[in-house]
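Bear in mind that the values in this text are calculations on the coordinates, not laboratory data. Fair warning: this is a prediction, and the values are worked out from it, not measured in the lab. Neighbour counts are summed over all protein chains in view; Cβ atoms, including those assigned to glycine, are modelled from backbone coordinates with ideal geometry.
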Amino acid sequence: MKIGGVMSHVVTFLMLLFAEPFKLGFCSKIHNLTCIQSERQALLRFKQDLKDPSNRLSGWTAVGDCCRWDGIVCSNVTGHVIELHLGSSHVGGMLSPSLLDLKHLTYLDLSDNDFGLTQIPTWFWNMVSDLYYLNISRNQFHGNIPDLLTMNQPSVLLDLSSNNFSGSLPRLSFNVIAIDLSFNSLSGSMLSFLCYKLNESMNLEILNLGHNLLSGEIPECWNKYPRLVGIKLCDNSFSGKIPGSMGALTSLQSLHIRNNSFIGEIPSSLRNCSELITVDFGSNKLTGDIPPWMGESLPKLIILSLHTNMFTGTIPEQICALSYLQILDLTHNNLVGEIPNCINNLSAMNSGNKSDDKIFYKTSKGSFFEDILVVMKGRVVNYGTTLNLVKTMDLSDNNLAGEIPEQATSLAGLQSLNFSHNHLVGKIPDNIGAMESLECFDLSTNNLSGEIPLTISDLTFLSHLNLSYNKFTGKIPTGTQLQSMNAYSFLSTELFGPPLSECSSGHVRIDTSSSAGKSLEDQHGINWFFLNIELGFCLGFLGVLVFVMFCKSADRLVHFRYVDEVGYSLGRIIRKYNLKL
């Protein structure tokens, strides 16, 4: 499956900067050695089997120094070809076994090309044993991935993501420190993959298995992976409980298990993972209370996403201690009680971030950016490198009661605030205009009342507002942003004024100055007087058609004269009483 800049599944994950520490600028290849003749010939044979519509390899000719060819890096000491950089080169075709003749090759990047539905040949996996970096992501390679147990280089980085690989997970050498197998069709359980050689400690730091067909329970073998920094298991069919042995991962910073079928409570052992920055447990079947210790033992949390589960109880006040928290998503649960008054202590939501403060995690051989799905303005958006700029709070679709705390207005850095589909009462805080960064504000389907504070007009970035299905009254404050909103933002309220029409409020009604019309208006706002006029007109027009079809021409003329007279009289009545049809 070919996946472009924005993946078709709306999700991208763990944008591994595998190449970051190994970027050897092609302009800095200063040496006095020329390439090895046998390796030049191997590269030319490799080129022959490729399709190169963009002429990226036009400089690869039978003459000249192959160490100066585009995409080639040679050793300054020996002259051997050691790296091949052909990522995003628009090449395709076949993989030539001539690559085996590049016996000193340790770095191979063929990512984001178009090799079609190509099955990786067996010889290719044998060659992989000598690489410390392999990236063949975002192609259409298919077939099974064999066990990768004989990786001869230390600190191996493997990115096989976004292809069509199937079969079971490959067992790994302890030299592999990062592997990305996401967006494939791998199936089966994790047992053999995760628990191979239980007595052998693994060096793995990054594990991405997201967007596959994996299933079964997650085994309790995590204590053999003490160096893990990031785990991505989302968008599979895993079941059972979250393994308690994950508490042994004291270096863990990012844990994504979104969109599986995990059950039970969040294991208390995870309080030992004090380095966690991201907890993404959304779209599972988790139960119990939100653990108060998350606000005490995970002080570095920036992202806490527990949406679409079956959590009960109240929102623990300890959550307010998370001073770095930028994204809090608790929507679609069964939470009760009131919104904690202490939410103003979420200090990272009080102001904007610097644009260069990216959320990323360092490993021993590079870094990766964090990413996560966020509902913004009614759309699911995946944020990666710009995630540091996103600050949202979503408590919607629960059973929260009480009033909106005045302290919420101090969260001046929030871009999206969603308290919809709860049982909140009272008014919108008067100082709502202090939330100067707010772009999305949703309070729909609650029991809120009173007038809309005038300060809401100060929200100059506001582009998505929903106050519908509440008991708000009065005139909508005047402001450029508010008058540009859709009328549905105020549906089923007692509000009036633009953007609602002059003759209607949040409830759809027809206003008329005719006393007869008003006396016939029922509780649903249907004016039967005008409905009768319209119905009579339709029936009359139908009668004209029938008459025209079956009457003689002379009779038609008499009839049309009669219709003209009736129409003229009806027009006088409408003008006299100022009726509007």
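Odds and ends about this structure:
- Stretching residue 78 away from residue 367 to a fully extended chain increases their span by 101.1 nm, per 0.36 nm per residue minus the current alpha-carbon distance.
- Amide H contacts of residue 286 (H built 1.01 Å from N, in plane; Pro and chain starts excluded): 310 sit under 5 Å, all sequence-distant by 5 or more or on other chains.
- Normalised by 2.2 N^0.38 Å, where N counts its residues, the alpha-carbon radius of gyration of region 45-143 equals 1.03.
- In this Cβ point-charge picture (+1 for Lys and Arg, -1 for Asp and Glu), region 157-277 has a dipole of about 120 debye about its Cα centre.
- Integer Hz, Karplus 6.51/-1.76/1.60 couplings in order for region 378-386, x for Gly and Pro: x, 10, 7, 10, 9, 10, x, 5, 9
- Per-residue HN-Hα couplings for region 56-70 [Karplus 6.51, -1.76, 1.60; θ = phi - 60°; Hz; x = Gly/Pro]: 4, 9, 4, x, 7, 10, 6, 10, x, 8, 5, 5, 9, 5, 4
- Region 299-310 - phi-based ³J(HN,Hα) in whole Hz, Karplus 6.51/-1.76/1.60, Gly and Pro as x: x, 9, 4, 10, 10, 10, 10, 10, 5, 6, 10, 10
- Charged neighbours of residue 281, selected by a Cβ distance under 14 Å, balance to -1 (K, R count +1; D, E count -1).
- With only Cα atoms counted, region 416-503 has Rg and Dmax values of 11.6, 33 Å.
- The C-alpha radius of gyration of region 92-233, expressed as a fraction of 2.2 N^0.38 Å, stands at 1.02.
- Region 197-269 and region 131-160 have their alpha-carbon centroids 21 Å apart.
- Amide H contacts under 5 Å for residue 162, placed H, 5+ residues apart: 138, 182, 183, 184
- Residue 188 long-range amide H proximity, modeled H, under 5 Å: 215
- Projecting the Cα positions of 175, 187, 110 onto the charge dipole of region 34-187 (unit charges on Cβ atoms of Lys, Arg, Asp and Glu, taken about the Cα centre) puts 110 furthest along the positive direction.
- All Cα pairs of region 381-424, percent lying beyond 16 Å: 48 percent
- Formal net charge of residues neighbouring residue 459 (Cβ-Cβ distance under 10 Å; K, R +1; D, E -1): -3
- Count Lys and Arg as plus one, Asp and Glu as minus one, and take only other residues whose Cβ is under 13 Å from that of residue 425; the net charge is then 0.
- Stokes-Einstein diffusion coefficient of region 335-494, Kirkwood radius over Cα pairs, 10 °C, 1.306 mPa s, in µm²/s: 96 µm²/s
- Largest first, the three principal axis extents of the alpha carbons in region 157-282 are 37, 31, 24 Å in whole numbers.
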